[in-house]
Structures are given as C-alpha cells and as structure tokens.
1. Based on this model, can you work out whether Ile35 counts as at pLDDT 95 or above and in contact with a helix residue (DSSP H, G or I) (Cβ under 8 Å, 6 or more places away or on another chain)?
2. Might you let me know whether segment 90-99 holds any residue that is at pLDDT 95 or above and either of a type in the set (S, T, N, Q) or more than 19 Å from Arg14 (Cβ to Cβ) (or both)?
3. Scan Lys110, Lys125 and give me the residue that is modelled with pLDDT of 90 or more and among the basic types (Lys, Arg).
4. Being outside any loop (DSSP other than H, G, I, E, B) and among the basic types (Lys, Arg) is the filter here; which residues of segment 41-65 pass it?
5. Could you check Gly111 against (1) loosely packed, with under 15 Cβ neighbours inside 10 Å; (2) closer than 26 Å to Glu20 by Cα; (3) more than 18 Å from the chain's Cα centre (by Cα); (4) not polar (S, T, N, Q) and say which number it fails?
6. Which ones in segment 66-119 are more than 21 Å from Ser49 (Cβ to Cβ), assigned to a strand (DSSP E or B) and among the charged types (D, E, K, R)?
7. From Ala62, Ala124, which residue is touching a residue at least 24 places away in the same chain (Cβ under 8 Å) and in contact with a Cys (Cβ under 6 Å, 6 or more places away or on another chain)?
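The values are calculated or read from the model by the stated rules, or taken from the named source; none is laboratory data. Quick caveat: nothing in here was measured; it's all calculated off a predicted structure. Here the Cβ positions follow ideal geometry from the backbone for every residue, glycine too, while neighbour counts run over all protein chains shown.
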Amino acid sequence: MKQVLSSRLATLLREASVAEGSNLKPAEGEASPKIEGDLFTSLDQGALSYKILQCESQKASATCMVELGNIDDRDNSKLAWKDRVFLVREGNRWVVDDIEYLGERQFMHKGHLKDLLGKVIEEAKKERG
C-alpha cells in the first residue's frame with residue numbers, strides 16, 4: 001500500500017493516538033485537546049465530495065485549496081467549505097504533510113492538523129510529568 005501521508009505527519013498521528021489512549025485528564029477549567037471524528041477535513045463527519053480548486057507548487061512542496069461537501073444531518077441541506085492541503089515530496093511522490101482547516105461553522109476543526117496533534121502530544125507529556 002502506498003503511503004499518502006508524509007513520514008512526519010504519520011509519526012505525529014501515531015504519537016497522538018498513543019497519547020489519547022493514556023486517558024488524559026485536563027487541568028481544572030481547561031478542555032483537553034481531543035482527536036475526534038475525521039481529522040482530514042474541517043468537519044468531524046468528513047466529506048462526501050471534494051473538488052481541487054487550485055494548487056501551487058515549488059520544488060519540494062505544494063499547497064492545494066480543496067472545496068469539500070457533505071449533508072447537514074439536521075435538515076438535509078448541503079454543507080460546503082474549503083480546506084487547504086499542504087503537500088511535500090518524499091521520494092518521487094507527493095504526500096500530505098498538513099491540513100489547514102478553513103471551515104467556518106462553529107463546531108468545525110480550526111487551525112492546522114499538525115498543531116492539533118502536537119497539542120494532544122504535549123498534553124500527554126504534561127500529564128506524565
């Protein structure tokens with residue numbers, strides 16, 4: 001099976017998964033970062049459709065703006081948003097290195113995938129002392 005994630009992103013996902021499994025307790029008054037739902041789009045439920053709008057590349061990196069869609073469970077209306085995908089070259093292939101969540105709805109992921117994973121890992125390190 002061909003790897004579609006960069007080695008760095010794959011490592012972060014593994015480390016965050018281990019950290020989530022350690023039953024972290026957030027500090028009083030704070031919400032612990034969580035890995036919930038689909039991490040590869042702004043929407044926890046993921047996307048049912050996608051369209052690559054534009055890509056810009058340099059020698060070893062690229063960014064692509066992607067339009068994504070799903071159906072709102074509450075009223076069956078269409079949901080549409082855009083996320084930015086960061087790619088790097090590993091060997092002779094392009095692989096996903098990060099995702100910037102650009103969805104604007106209240107409960108969508110915000111920021112970057114790598115930052116979210118980093119927070120989960122750091123929180124686990126704090127808990128372990």
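1. Working: at pLDDT 95 or above: no; in contact with a helix residue (DSSP H, G or I) (Cβ under 8 Å, 6 or more places away or on another chain): yes.
Taking the combined requirement at face value, the residue does not satisfy it.
2. Yes: segment 90-99 contains one or more residues that are at pLDDT 95 or above and either of a type in the set (S, T, N, Q) or more than 19 Å from Arg14 (Cβ to Cβ) (or both).
3. On the way: Lys125 fails: modelled with pLDDT of 90 or more.
Sole residue among the options that is modelled with pLDDT of 90 or more and among the basic types (Lys, Arg): Lys110.
4. Here is the first cut: in segment 41-65, the ones outside any loop (DSSP other than H, G, I, E, B) are 49-57, 61-65.
If the condition is that a residue be outside any loop (DSSP other than H, G, I, E, B) and among the basic types (Lys, Arg), then Lys51 is the only one that fits.
5. Result: Gly111 passes all but (3).
6. Arg89, Glu90, Arg93, Asp97, Asp98
7. Of Ala62, Ala124, the one residue that is touching a residue at least 24 places away in the same chain (Cβ under 8 Å) and in contact with a Cys (Cβ under 6 Å, 6 or more places away or on another chain) is Ala62.
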